[in-house]
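Worksheet: one structure, shown below.
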Amino acid sequence: MTSVRLALIGAGRIGVRHLETIAQVEEADLVAVADASPTVKGIAERYGVTFYDNYKAMLAEVKPDGVIVATPTELHLAPALAALENGAHVLIEKPITGTLGEAQILIEKSRATQREVLVGHHRRYYPFVHKAREIVRSGGLGQLVAVNGQWTLRKADSYFDQVWRQKREAGPILINLIHEFDCLRYVCGEITSLSAELASTVRGHEKEETAAIILRFENGALGTFLLSDSAASPWAWEFGFHENPEFPPAHQNASRFVGDSASLEFPNLKLWRHDDTARGWNTPLRSEDKSCTPEDAYINQCKHFCRVIQGEEAPRITAEDATRSLQATLAVFDAAESGQRITL
Ligand SMILES: NC(=O)c1ccc[n+]([C@@H]2O[C@H](COP(=O)([O-])OP(=O)(O)OC[C@H]3O[C@@H](n4cnc5c(N)ncnc54)[C@H](O)[C@@H]3O)[C@@H](O)[C@H]2O)c1
């Protein structure tokens with residue numbers, strides 16, 4: 001099997017996760033690490049590749065087949081464009097960019113260079129996310145009536161030591177809610193409108209801390225979503241299962257998909273239905289376990305990126321698709337600021 005030559009730009013928190021992943025994927029070969037900060041040079045040495053403090057020099061010299069861009073969100077565009085111009089395919093961390101205008105520039109460059117841009121919405125690579133999508137979209141709940149999602153946890157104070165994380169680009173809407181919205185879109189279909197309220201009452205940073213959102217989906221379902229990065233609670237994706245060793249799991253469900261025949265708890269995939277055909281509230285509800293074997297989404301994502309580069313698979317998430325998740329996410333700011341329902 002020919003391996004795919006991958007380089008990383010931005011070896012911070014998530015960048016290192018990509019390095020750990022590449023090391024476990026047989027078809028991927030790490031060829032270089034670029035980061036503006038020389039303090040992370042040791043990370044490249046640990047993985048036995050050359051470190052560059054200038055990604056343009058790295059791209060010109062190394063000519064990787066694929067580049068993972070994991071710089072801070074407001075610095076996604078320039079390295080991604082440079083990678084495409086150098087003939088590489090790109091896996092860019094989420095959100096695709098900080099603005100819709102930048103995302104459009106990237107989409108156009110991807111078309112012009114005929115190189116793919118995948119976006120790191122890694123949840124799409126979990127088998128249980130697929131299973132939820134399959135159940136909802138195949139009518140396993142009957143008609144989808146409503147969705148209820150929650151992502152409320154308390155990020156450690158030290159997380160905010162880096163000043164960019166105190167700004168709107170790094171608030172829980174752009175950093176975390178975008179995962180939730182991408183997952184909701186993937187499972188339920190397009191979000192067509194939303195309204196929202198925001199608050200920032202605990203840490204006093206420039207960014208928002210808490211959001212309450214009302215959603216409407218194209219299939220007629222309604223949704224509510226509650227978000228906070230300053231609340232000590234177990235009801236968040238990170239605590240639902242053992243995704244990341246940094247976050248001890250509490251195994252609580254964070255979402256519920258509610259249909260006229262049945263309902264699904266998520267992520268544990270417990271399906272609830274009445275045990276009679278009348279589906280009435282006088283008959284008991286029984287639950288069924290629909291859970292599936294866990295897999296590492298980052299490994300699945302990396303393998304998929306390699307297969308896309310080799311022309312064996314179409315991207316599971318394109319730049320256009322990720323831009324719709326960004327558009328819905330950014331609309332939360334517009335809705336909160338205007339006090340209006342925003343149509344997407
Ligand atoms: N998929 C996920 O679950 C997930 C998780 C965390 C972060 N992210 C995303 O990943 C991105 C990075 O987040 P992070 O928490 O790893 O940030 P971070 O601050 O820990 O790391 C960013 C790295 O980029 C480097 N950098 C900055 N400017 C650069 C430049 N011009 N050229 C090269 N390197 C440069 C910094 O020195 C740093 O090492 C963000 O877009 C974030 O939204 C995704």
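Computed from the coordinates by the stated procedures, all read-outs in this text should not be read as laboratory data. Note that the structure is predicted; figures quoted are calculated from it, not measured. FYI the Cβ positions are ideal-geometry reconstructions off the backbone, even for glycines, and counts take in every protein chain you see.
Annotations for the structure displayed:
- Only Lys, Arg, Asp and Glu carry charge here, each on its Cβ (+1 for the first two, -1 for the last two); on that basis the chain has a dipole of about 360 debye about its Cα centre.
- With the charge dipole of the chain set up from +1 on Lys and Arg Cβ and -1 on Asp and Glu Cβ about the Cα centre, the Cα lying farthest toward the positive end among the listed residues Gln340, Ala211, Pro294 is that of Gln340.
- In loop segments of segment 240-344 as defined by DSSP, the trypsin sites (Lys or Arg not before Pro) with at most 16 further C-beta atoms inside 10 Å of their C-beta are Arg279, Arg341.
- Charge sum, other residues only, whose C-beta stays under 12 Å from Val69's C-beta, Lys/Arg counted +1 and Asp/Glu -1: -1
- Under a 5 Å amide H cut-off, with hydrogens placed 1.01 Å from N, Gly259 pairs with Val145, Leu264 among residues at least 5 apart or on other chains.
- A dipole drawn for segment 147-282 from +1 and -1 charges on Cβ atoms has a positive end, and of Phe247, Ala278, Ser233 the residue lying farthest that way is Ala278.
- Segment 95-223: C-alpha gyration tensor shape, a/c 1.5 cut-off, then a/b vs b/c: oblate
- Placing a label point 7 Å from the Cα of Leu222 along the Cα-to-Cβ direction, the residues of segment 157-200 whose backbone N falls under 17 Å from that point are 191-197.
- R0 of 45 Å, Cβ-Cβ distance Gln310-Arg256: FRET efficiency to nearest 0.05: 0.70
- Basic side chains Lys and Arg get +1 at the Cβ, acidic Asp and Glu get -1 at the Cβ, and with that the dipole of segment 37-90 about its Cα centre reaches some 100 debye.
- Rounded to the nearest 20 debye, the dipole magnitude of segment 1-60 is 200 debye, with +1 charges on Lys and Arg beta carbons, -1 on Asp and Glu beta carbons, and the Cα centre as origin.
- Lysines whose Cα lies under 26 Å from that of Lys290, excluding same-chain neighbours fewer than 8 positions away: Lys131, Lys270, Lys303
- The packing ranking, built from the mean of other Cβ atoms within 10 Å per residue, places the peptides 138-144, 60-66 in the order 60-66, 138-144, highest first.
- For Val4, nonlocal amide neighbours, meaning residues 5 or more places apart or on other chains whose placed amide H falls under 5 Å from its own, are Ala28, Asp29.
- Cβ-defined net charge surrounding Gly259, 12 Å radius [Lys, Arg +1; Asp, Glu -1]: +3
- Surrounding net charge for Gly15, when Lys and Arg each add one and Asp and Glu each subtract one, Cβ distance under 11 Å: -1
- Reachable lysines from Lys41, criterion Cα separation under 20 angstrom, eight or more residues apart if same chain: Lys56, Lys63
- Counting only DSSP H runs of at least 4 residues, each contributing -39500 (n - 2.57), and dividing by the residue count of the chain, the helix-based mean residue ellipticity at 222 nm comes to -9500 deg cm²/dmol.
- Long-range HN-HN contacts of Ile68 with modeled amide H, under 5 Å: Ala7, Leu8, Ile9, Leu91
- With 0.36 nm allotted per residue and the present C-alpha distance subtracted, the Glu320-Gln340 stretch has 4.6 nm of extension available.
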